[in-house]
Amino acid sequence: MKGVYGENKHTIDAKGRMTMPSKFRAALGEECYITRGLDGNLDVMSEEEFDIFSSRLLATKKTTADIRMLRRQIYANTADATYDKQGRILIPQKLRDLAGLSKDVMVVGVGNKVEIWDFNKYSGIGELSDDDYATAYENYNNLEAEEKL
């Protein structure tokens, strides 16, 4: 999948439809998957990316309670989506409720997927101070160094 980046403010209409930015549509492909994110948002993945994610999840041990619950949560809270002629996807009510989405949303490209956030919630966490950014970047570099060992 081609990387996705940037952020765009959008709206969800009364029927639960949201226009996906064209550069994100191009990266996600004709069919994508919407699922519960980790931070109170929704994740949107291409079919390819969702297959990779799903394969890793299915390869885990089924006997641990947390993995079984995670699998239930992910698969019960995932919907496939295609675009209408206006480039909109339908976000099911259940997923909108999980992420607290109403009308105004922020659509954010994060490399291998797209995140959909309630606009006000994202405004509170979408920015890092210079110090926090430097710390996060340093932690990333430390992870890279550990992987090379």
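The values are calculated or read from the model by the stated rules, or taken from the named source; none is laboratory data. Since this is a predicted model, take the numbers as computed values, not measurements. A quick note on method: Cβ atoms are made from the backbone with ideal geometry, for glycine too, and the neighbour counts reach across all protein chains shown. In case anyone asks, the SASA skips ligands and DNA or RNA and just uses the protein heavy atoms, side chains included. Shrake-Rupley method; radii C 1.70, N 1.55, O 1.52, S 1.80 Å.
The table below gives the values:
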{"read-out": "Relative contact order for the chain, counting Cα pairs under 8 Å that sit 6 or more residues apart, in percent", "value": "34"}
{"read-out": "Total formal charge among the other residues, if their Cβ is under 12 angstrom from that of E49, Lys/Arg +1 and Asp/Glu -1", "value": "-2"}
{"read-out": "Accessible carbon and sulfur surface of the chain relative to its total accessible area, %, 1.4 Å", "value": "51"}
{"read-out": "Global geometry of the chain, whether rounded, prolate or oblate, following the gyration tensor of its Cα atoms and the 1.5 cut on a/c", "value": "oblate"}
{"read-out": "Net charge contributed by nearby residues that have their C-beta within less than 13 Å of S102 (K/R +1, D/E -1)", "value": "-1"}
{"read-out": "Point-charge dipole on Cβ atoms (K/R +1, D/E -1) for the stretch 7-50, about Cα centre, debye to 20", "value": "320"}
{"read-out": "Unsatisfied cross-links (Cα-Cα over 29 Å) in the set K62/K85; K9/K85; K2/K85", "value": "K62/K85"}
{"read-out": "Other-chain or far-sequence residues with amide H under 5 Å of K113's (modelled H)", "value": "V4"}
{"read-out": "Charged-residue dipole, Cβ positions (Lys, Arg, Asp, Glu), the chain about Cα centre, Debye nearest 20", "value": "860"}
{"read-out": "Among D97, D43, D66, residue whose mean-square fluctuation peaks in a GNM of the chain (springs only between Cα atoms under 10 Å)", "value": "D66"}
{"read-out": "Net charge dipole size for the stretch 88-144 [Lys, Arg +1 and Asp, Glu -1 on Cβ; Debye, nearest 20]", "value": "640"}
{"read-out": "Cα centroid separation, the stretch 1-68 to the stretch 84-142 (Å)", "value": "11"}
{"read-out": "All lysines inside 21 Å of K94 as judged from Cα atoms, apart from same-chain residues fewer than 8 positions distant", "value": "K15, K103, K113, K121"}
{"read-out": "DSSP loop GluC sites (Glu not before Pro) with at most 11 other Cβ within 10 Å: longest gap in the chain", "value": "31-126"}
{"read-out": "Charge dipole (the chain, unit charges on Cβ, about Cα centre) - positive-most of W117, M106, L58", "value": "L58"}
